[in-house]
Each structure stands twice: as C-alpha cells, then as structure tokens.
Amino acid sequence: MSSYLFSRVIQTIVTLFVMSLLVFVGLYLVGNPVDVLLSSSATPAERLEVIQAFGLDRPVWEQYFVFLGKALTGDLGNSFVFNQPALDLILQRMPATLELAFVALVMALVLGIPLGIYAGLKPHSLVSKSIMTFSILGFSLPTFWIGLIMIMVFSVQLGWLPASGRGQTVELLGVPVSFLTWDGLSHLILPAFNLALFKISLVIRLTRAGVMEVMQLDFVRFARAKGMPESRILRVHVLKNTLIPLITVIGLELGSLIAFAVVTETIFAWPGMGKLIIDSIAVLDRPVVLAYLMITVIMFSVINLVVDILYSVVDPRVRLEGGSR
Amino acid sequence: MSNPHELSTSVHAGTETIAAKPAMSPLKRTFIALLHNRLALTGLIITGILLLAAILAPVLAPQDPYDLAQLDIMDGRLAPGGESMSGLTYWLGTDTQGRDLVSAIMYGLRTSILVGLVSAAVALVIGTSIGLFSAYAGGRTDAVLMRIVDIQLSFPSILIALIFLAILGQGVDKIIIALVVTQWAYYARTVRGSALVESKRAYIEAARSMALPDRSIIFRHMLPNCLPPLIVVATMRVAYAIMLEATLSFLGIGLPVTEPSLGLLISNGFEYILSGDYWISFFPGITLLLLIVGINLIGDALRDILNPRREG
C-alpha cells in the first residue's frame, strides 16, 4: 500500500513537471504578454520597464527555474493582468466552480440512477425506450449550445430563471455558497443542469447496463428460485452489485465536471475559475494559466487516487499494486 | 462530456458473427447490415446529406459568405424568411453582417467536418501504431507506454486540449494537433487490447513459426483482426472531435474568426440571444446536433454489428 502511494505521488510530480515545462515554454513561444497588455501608445521606455518588472527580459530557461524555485515554496507568481498572486486568484474562484460541479454531480446521480434502473429492469417498455433516446440525445447535444437554448427558453421567453451570474451567497464554514438562498439557487439551477446533462446520460447508460448484467447472474436466479420478493432482490443483490462500478465513474466524472465547467461558466457568466482561465489564455497571462493547470492536475491526481483506494475497499478483488497495472 | 465512447473500447475482436454468404468481404457485409438497421440508415442519410452540403458548398450555397462584396450590412439580423434588397430570400435569416445563414452553415460544416476527420485520421494512425507496437513489444516498453496512456486518459479531454491550445495558439493546424493529442490514447488502448488477444491465437503463432518478418506479422495478420473494435472507436471519435472543436471555438480559443466552424457561428449569435434574435445561434446548433447524432447512430449500430457478445 505505501509503495503504491509512493509511486502515485512520484507519478503526479512527474506529470506536474512535464506539464509546467511544456506550458511555460509554449506560452513563451506563442507571444509576448506585454504586446497584449500595453496599449499601442506606450513608449519604448515604458515597455522595457514592464518587461523588466515581469522578468521577461531573461532567457526562458532562467525564467523557468525562477518559477520552479518559487513554486516549491507555494508562490506561483503574480498575474500579469491583475497584479495579484495567481494562486490567490484561482483559490478565490474555486468555491464557485466546485459548487457548480458538485451540484451537477448530485443531479446526475439523483436523476440518472433511478432512470437507469428502470430502463434496465424493463428494457422493452416504451418508457425505457424514451429514457434511452434521451440519453443518446444527451450524448449528442453540444453542451454549450444547449446552454444557449436553456437561456433562450427559461430566461428570455419564460423569464423564470436568471441567465447569468451567481446570485446571493452566504458563508458556510467560511466558504461562500449560493445553494442556501433562493436567489443563489435560482442562479444555480440552469448552469448546474446544463453541466449535468451529459453525465445524466452517462449514469443512465452505466446503471442500465449494470442492472441488465447483474439480473442474469446466478445469485439473482437463485434468490428468485427460493422465492425471495422481487423488491428485496433488487435492493440487496442487484443494486449493491450495480453501484460498485459506479463509484469509479463518479470520481472520474467529478474531475471532468470541474474541467468542463469552463464551458458552462462562460455561457452563464458564472464567476468560477474556468472563466478566468479562458480569459487568461487569451491575454497570455502565464502565471494564472500555470496556476490553474497545476491546481487542476493536483486535484485530479488526488481524486483519481481516492477513487482507486475506495474501489479496492468496496471490491476486495481489486488489488493496488505499485508497478504496472 | 468526458467519455461515453470509452464504453466502446470494451468491444472485443471477432468478426465471425453475421450470418451472411461467406463470399462477401467483411466490409461489404458490415455495410449491408448497416443498411438493414433502421437507426443506422437514418444516421447514414443524415450524415450523407450534411457531407454533401459541405462538399458542394461552393456550388450550392446561395452566397459566398466570406466575400465581403456580396454582403450588405443593411440585411443584418433579418429573421428567417426575410428578403434582401436584391430579392434573395434568407430562409434561415442573416447574422449581424447581413450574411446568409444557409451559406454560412454550409461553409461552417466544411470546416467542422474537415477538422474532425483529419484529426481523427491522424490520431488513428498514430494511436494504432503505438498500440500495435506496445502489444507486440510487451514487457517494459508496453508497461511504460500504457502508463502514459492511463495518465493521459485520466484527464478530461477538454483540459488536455486547453493545455495544447494555450501552448500553440490559434489556427486550423493548431486545433488539429490539439485534437490529435487528446485522442491518440483511445486508439492506442483499443488496438493494444485486441492485439494482445489476437497475439495469443494460433494463426499468429503459425506466422511466427514460419519466421515471417515482424512487420508482416503485425500489419498483414494482426492489424486486420484488430479492425472491428477500431472502426467503432473511430466513428465515435470523429463525432467527439467535431463536438470538442465546436466547444473550443465557441470559447474563442479554437479556430480563428477567419475560418468559422459551426462552433464559431453559434458563438457569434450568443450575444443576440438575450435580445430574442435566436436564429443566428439556433440553426448552426441544430446542424451540429444533426451531424453528431447522425455519426453516433452509425457508431452505435456498428458496435452492435461488429460485437457478437452484445445483446439488446
């Protein structure tokens, strides 16, 4: 177990290192942020001053080593645009993104699992066929476009829900959240559902496939043969065995929800870190781009690790090994 | 949007399924089975029509949407069915610059389909080569390569695309590279999986004992038998690549404004949705949806046809 943990930590560090080097050198080659940041009327002297202030006059490898040295102490540099520590900028916006992702995940599970179970138990009924059609649509609908349509219908035509922003937030354990106020909740519904749509389809499909597979196994037949009521078979035998594989999926999907929040945040002007990264890429704000990517990579590595460990706990057949898997 | 298509990688090799005349080539047999599947036929028709519209855009489109001489700002934001000063009817309306949306969509389809197909094809070649090599080499090489694949697949595709677009900047070639990087691993894993199964079969052993060169064993004997799952993955991946490109272009970090794909058209209409001018975003979106549904329907049917073990 400890050798497994160790190899995973090493793997994460290598990934972080390779990624930061790639992004650092890549952004350096794409263009000079000073060209984007300064107005065209800036004098050469002003230009030079800014370049020196950012340390952009030094060779790229030297810049990278300065960055690396500071990164080890937890300092990822100041944003070129906001002139604030990049890490702070990301951390300020993180709760909004995490809230959006969690709510979307809960929606996906609460809607997806029951629908999936139904479709798995009665695969030939009309309702199941509609559920499956919905899930194919959910896979095929471009998320960003559906977001626009949702704004069009629910905000512009019907006027039921607000189209953008986060609404009123309250502090919960020191973190601002919006799902506890009515105003915040009404702002949350559209973006969260938009983000969840794809995952609902995925959960439906996985649950359905799991139920259909388990229903044919010997222990279910045996339970039936000895006259166990159908509801108990479903609760005890089928559900348990279906939900275990879902754990892995849920963990990995949480990571993907955080990443895809980039799209939803842009559409609904949700003040999360996804919106920030898109803007930062456009103006070549290297410290912020790097900080976002480093944090996301660390977050994903932790999520993946937790999922793997959880999985080995609930399913003892899975062993964790340090070497090749 | 991470990966529904990952499911399709569980497809196993094996073609001896469809009861048909043995004289028919597997390709032809698959195609005929597709035509007999109602959903797949719908998918083929939708995709076919859109593909034709894209290829024939310069001939069929009522207007060259990027020839400024043909645009009149006075025709801007006309509702669907509106008429221009010169008597041309805009069946799907116009955008802010007075561009006919039917033409813009046809040209947008060209870009979207081109980017999707080219990136999927390049990723297919790279991924297949690496997968085959990994399976054939085995041992440490295999372990290292597959670890790289695992690490990459543990990150959402949009994140990897973001990283590479941040590094590379904008452009058709840049987005194709970014899409290839996000996708090669799926092909590599699929091919390696089925190649491992195949390599234990008797015909490979026979080929080896006849001392055939490695290259010929891999490409003439192993590869053809790995094709069925690969075809399924490739179909789904093209749809996914098109969707991802549209998403990235919508975010403004994909294609430049000079090469508008469907995603960029949708993004152009974004700000007018709040004022009720829905059509600028709506129709390009419907087209994108149809294209993706069409390809996915084909892919779904292919998976059923090419996988003997799947039921229902």
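Before moving on, here are some points about what is shown:
- For segment B:264-286, taking the residues that are within 14 Å of A:Ala163 (Cβ to Cβ) and among the polar types (S, T, N, Q), the one that is nearest to the other protein chains (Cβ to nearest Cβ) is identified as B:Ser281.
- Identity of the residue in segment A:116-139, over 20 Å from A:Val238 (Cβ atoms) and aromatic (Phe, Trp, Tyr), that ends up most open to solvent (accessible area, probe 1.4 Å): A:Phe134
- Residue match in segment B:107-119 (condition: away from every other protein chain (no Cβ under 13 Å) and of a type in the set (S, T, N, Q)): yes
- Selection count, segment B:130-159, where residues are at pLDDT 85 or above, buried (at least 17 other Cβ atoms within 10 Å of the Cβ) and more than 9 Å from chain A (Cβ to nearest Cβ): 8
- In segment A:173-227, residue most open to solvent (accessible area, probe 1.4 Å) [restricted to those that are more than 13 Å from chain B (Cβ to nearest Cβ) and among the aromatic types (Phe, Trp, Tyr)]: A:Trp182
- Some residue of segment B:226-237 being in contact with a helix residue (DSSP H, G or I) (Cβ under 8 Å, 6 or more places away or on another chain), hydroxyl-bearing (Ser, Thr, Tyr) and open to solvent by 10 Å² or more (accessible area, probe 1.4 Å): yes
- Yes/no for B:Gly169 being of a type in the set (Gly, Ala, Ser) and either modelled with pLDDT of 85 or more or touching a Lys or Arg at 6+ places or on another chain (Cβ under 7 Å) (or both): no
- Matching residues, segment A:145-160, being in a loop (DSSP other than H, G, I, E, B) and either modelled with pLDDT under 75 or among the β-branched types (Val, Ile, Thr) (or both): A:Gly159
- The listed residue being touching a residue at least 12 places away in the same chain (Cβ under 8 Å) and open to solvent by 20 Å² or more (accessible area, probe 1.4 Å), out of B:Val197, B:Val191: B:Val197
- Test: residue in segment B:249-259 that is within 9 Å of chain A (Cβ to nearest Cβ), in contact (Cβ under 8 Å) with a residue 40 or more places away in the chain and over 21 Å from A:Leu137 (Cβ atoms): yes
- Which listed residue is within 14 Å of chain B (Cβ to nearest Cβ) and at pLDDT below 85, from A:Glu253, A:Glu230: A:Glu253
- Yes/no for A:Pro176 being closer than 25 Å to A:Leu161 by Cα, in contact with a helix residue (DSSP H, G or I) (Cβ under 7 Å, 6 or more places away or on another chain) and outside any helix (DSSP H, G or I): yes
- Residue within segment A:95-115 that is in contact (Cβ under 8 Å) with a residue 40 or more places away in the chain and surrounded by fewer than 14 Cβ atoms within 10 Å (Cβ to Cβ) present: no
- Qualifying residue in segment B:299-308 (condition: open to solvent by less than 30 Å² (accessible area, probe 1.4 Å), within 11 Å of chain A (Cβ to nearest Cβ) and at pLDDT 80 or above): yes
Listed here are the residues, each with its yes/no results for (1) within 14 Å of A:Pro287 (Cα to Cα); (2) without any contact (Cβ under 8 Å) to a residue 12 or more places away in the chain; (3) more than 14 Å from chain B (Cβ to nearest Cβ).
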{"site": "A:Ser3", "(1), (2), (3)": "no, no, yes"}
{"site": "A:Thr15", "(1), (2), (3)": "no, no, no"}
{"site": "A:Gly26", "(1), (2), (3)": "yes, yes, no"}
{"site": "A:Thr43", "(1), (2), (3)": "no, yes, yes"}
{"site": "A:Glu46", "(1), (2), (3)": "no, yes, yes"}
{"site": "A:Phe65", "(1), (2), (3)": "yes, yes, yes"}
{"site": "A:Arg93", "(1), (2), (3)": "no, no, yes"}
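The values are calculated or read from the model by the stated rules, or taken from the named source; none is laboratory data. These figures come from a predicted structure and were not determined experimentally. Virtual Cβ from ideal backbone geometry, glycine too; neighbours counted across all protein chains shown. Quick note on the areas: whole protein, heavy atoms, side chains included, nothing else; ligands and nucleic acids left out. Shrake-Rupley method; radii C 1.70, N 1.55, O 1.52, S 1.80 Å.
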